[in-house]
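The values are calculated or read from the model by the stated rules, or taken from the named source; none is laboratory data. As the structure is a computational prediction, the values presented were derived from the model and not from experiment. Neighbour counts are summed over all protein chains in view; Cβ atoms, including those assigned to glycine, are modelled from backbone coordinates with ideal geometry. Areas reflect the complete protein model, heavy atoms only, side chains present, ligands, DNA and RNA absent. Shrake-Rupley method; radii C 1.70, N 1.55, O 1.52, S 1.80 Å.
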Amino acid sequence: MKRFNALLVVFSCLLSGLALANSSIDLEATMKKMKFEISQAYKTESKDEFKSHITSFSQLLQQAKAYSFPPERKDVSMEGLNKVSAVVEKITLEMDDKPLPELKAHLRDIDDLRKEYHKKNKPSFWETFFS
């Protein structure tokens, strides 16, 4: 059983490595940077710093959108990224008018979308095994 689990892990890593090799964008690194920018935006008490983190996040979001997603995951991935873009646009439009706590509330929407679309894009065991 341990051998099977080890083989499954190796096989999954190989598949994900092949998928990343097809694109010049390191999606995993980009997503980690996006998560970092959001966490920093949550922590800041300065509206200027918040704006800086949202700007960086927005740039990373555009990079993620340029990724060559596999055809079977492209539609749902782009749908999720577009929904996140809409939230970022809303934050940007409200930046000058709303207080920081209200702007930070939108970050929860981004986090909820992240969770939702990561679940939708996570391949099942059978997809991974038989792909």
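Any residue in the stretch 94-106 that's at negative phi and touching a residue at least 40 places away in the same chain (Cβ under 8 Å): show its pairings with residues that are assigned to a helix (DSSP H, G or I) and open to solvent by 60 Å² or more (accessible area, probe 1.4 Å) at Cβ separation under 7 Å, as long as the two are six or more apart or on different chains.
Once the first residue is at negative phi and touching a residue at least 40 places away in the same chain (Cβ under 8 Å) and sits in the stretch 94-106, its partners that are assigned to a helix (DSSP H, G or I) and open to solvent by 60 Å² or more (accessible area, probe 1.4 Å) give Met95/Lys51; Leu100/Lys47; Lys104/Tyr42.
Just checking: which of the helices (runs of 4 or more DSSP H) contained wholly in the stretch 38-131 hold 2 or more residues that are closer than 21 Å to Glu28 by Cα, open to solvent by less than 90 Å² (accessible area, probe 1.4 Å) and modelled with pLDDT of 95 or more?
Because the criterion is at least 2 residues that are closer than 21 Å to Glu28 by Cα, open to solvent by less than 90 Å² (accessible area, probe 1.4 Å) and modelled with pLDDT of 95 or more, the helices (runs of 4 or more DSSP H) in the stretch 38-131 that meet it are 47-65, 71-94, 100-121.
Please enumerate the residues belonging to the stretch 52-70 that are farther than 22 Å from Asp112 by Cβ and touching a residue at least 40 places away in the same chain (Cβ under 8 Å).
Matches in the stretch 52-70: Ala66, Ser68, Pro70.
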